[in-house]
Amino acid sequence: MNTSTGTHEGRTALVTGAGQGIGQAIAMALAKRGARVIATDLAAPDATVSKIGSNAFALQLDVTREEDWRSVLLQSREIGDVDIVVNNAGYFPHRLIDELDLPTWRKTMATNLDSHFLSVKYFLPAMREKKWGRFIGISSNMVGLAIPGMSHYIASKMAIVGFMRGLANDVAGDGVTANALLPGLINTLATASQSDEQKRSTWEQQAIKRLGEPEDITGAVLFLTSDDAAFITGQALVVDGGQYRVG
Ligand SMILES: NC(=O)c1ccc[n+]([C@@H]2O[C@H](COP(=O)([O-])OP(=O)(O)OC[C@H]3O[C@@H](n4cnc5c(N)ncnc54)[C@H](O)[C@@H]3O)[C@@H](O)[C@H]2O)c1
């Protein structure tokens, strides 16, 4: 996004998995729009924060660990009550169903799904007091595609859509919205192992025929976390250049 108006001035935004890839791009875009950003990752994402500058803070947060969420809540109070949570951290190992074991299943669910529940548990109360808040869950367009070896991932990413739909009902009276974003294939370290041919075979299925970049996801996040999107909640927005089309 090149627009740099202050749509997010006065807001504090927490982004998980902000050390690289899509999470880093989201953190940078929110800061550019004026938000104070709490960038979090397995290790405190200092590189992201130094790219942003003075309006950002790096905190360690393993999204699977409730004690980390509690600790980040306490530390964030020194920075400002969190108005916006973008749950972006993800775990996506390829496992055909015969290779999938219970620890991998559970780690997928803990990273991709428990995190959303825990973020609500710790950050909803302050949003309720302010009568304003935004939860964004980064899902995946893979929930609607025929990709083998990802049943655990697809289950967790579809559950994010369900959780946001349900959450939207419970928080609507408090000025809080909850929406899921479904990116398509994006050029990050997570997809670096795919060959150019593999990537091309995906992006050729899109209306917009190029590989997505992390910055392609940020516009939807900025919109859904702004005042302009106050009447949009419980939705699943696909951001994939037109590959997967929901009716
Ligand atoms: N890249 C794609 O093609 C694509 C497509 C659709 C959806 N997504 C989703 O977008 C999100 C980001 O993907 P990406 O490509 O930027 O991934 P990435 O691997 O480049 O970055 C993910 C970040 O999450 C962090 N992380 C992993 N486990 C964590 C945990 N337990 N606690 C805290 N942080 C943790 C990693 O350290 C890393 O910095 C994921 O949820 C992914 O499922 C990605």
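The values are calculated or read from the model by the stated rules, or taken from the named source; none is laboratory data. Computed from a predicted structure; not experimentally measured. No Cβ is skipped: glycine too gets one built from the backbone with ideal geometry, and neighbour counts run over all protein chains shown.
Observations
- Single unsatisfied condition, Glu213 versus (1) more than 27 Å from Thr104 (Cβ to Cβ); (2) surrounded by 14 or more Cβ atoms within 10 Å (Cβ to Cβ); (3) within 13 Å of the ligand (Cβ to nearest atom): (2)
- Lone qualifier among Leu118, Leu124, Leu145 - being within 12 Å of the ligand (Cβ to nearest atom) and under 18 Å from the mean Cα position of the chain (by Cα): Leu118
- Any chance Trp105 is under 18 Å from the mean Cα position of the chain (by Cα) and modelled with pLDDT of 95 or more: no
- Residue satisfying condition, being touching a Lys or Arg at 6+ places or on another chain (Cβ under 7 Å) and touching a residue at least 40 places away in the same chain (Cβ under 8 Å), within set Gly144, Gly149: Gly149
- Scanning the stretch 60-74 for residues that are without any contact (Cβ under 8 Å) to a residue 24 or more places away in the chain, within 15 Å of the ligand (Cβ to nearest atom) and not in a strand (DSSP E or B) yields a count of 5.
- Flag if Val120 is in contact with a Phe, Trp or Tyr (Cβ under 9 Å, 6 or more places away or on another chain), part of a strand (DSSP E or B), in contact (Cβ under 8 Å) with a residue 40 or more places away in the chain and within 21 Å of Thr16 (Cα to Cα): no
- Any hit, the stretch 18-37, residues being part of a loop (DSSP other than H, G, I, E, B), within 15 Å of the ligand (Cβ to nearest atom), modelled with pLDDT of 95 or more and among the polar types (S, T, N, Q): yes
- Total residues in the stretch 38-59, condition in a helix (DSSP H, G or I), touching a strand residue (DSSP E or B) at 6+ places or on another chain (Cβ under 7 Å), within 14 Å of the ligand (Cβ to nearest atom) and touching a residue at least 24 places away in the same chain (Cβ under 8 Å): 1
- Residue satisfying condition, being in contact (Cβ under 8 Å) with a residue 24 or more places away in the chain and either surrounded by fewer than 16 Cβ atoms within 10 Å (Cβ to Cβ) or over 21 Å from Asn112 (Cβ atoms) (or both), within set Lys130, Lys157: Lys130
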